[in-house]
Amino acid sequence: MDTVQLDTAMGAHFVDAPSPLANYRSLLDLMEQSALSPDESQKLIRSIAREL
């Protein structure tokens, strides 16, 4: 990854410096590690729907 486009309230913002890109990659890695699998996501959504 050498450039990331972020959508902000003031328009698009491009990140292309090495340090911010490394920080962005670390953030994406953390989100991926904490994300539920598709099956777990479906189970969670169904359990919430049953409670409504």
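Where a number appears in this text, it was derived from the coordinates with a stated rule and is not lab data. Just so it is clear, the model here is predicted, and its values are computed rather than measured.
A compact table of results
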read-out	value
Extension gain, L30 back to T3 (0.36 nm per residue minus Cα-Cα distance, nm)	7.8 nm
The chain: calculated mean residue ellipticity at 222 nm from DSSP helix runs of at least 4, using -39500 (n - 2.57)	-19500 deg cm²/dmol
Computed over the chain: relative contact order in percent, which uses C-alpha pairs under 8 Å that are six or more apart	22 percent
Bins of 10 Å, starting at 0 and running to the largest distance - Cα pair percent for the chain	21, 29, 24, 22, 4
Phi to ³J(HN,Hα) by Karplus 6.51 cos²θ - 1.76 cosθ + 1.60 over region 37-52, Hz, x for Gly, Pro	5, x, 5, 5, 4, 4, 4, 5, 4, 5, 5, 5, 4, 5, 6, 7
Principal-axis tilt of helix 18-34 within the chain, Cα atoms, nearest 10 degrees	10 degrees
Full-stretch length increase - S19, A49 - with 0.36 nm per residue and alpha-carbon distance subtracted	6.6 nm
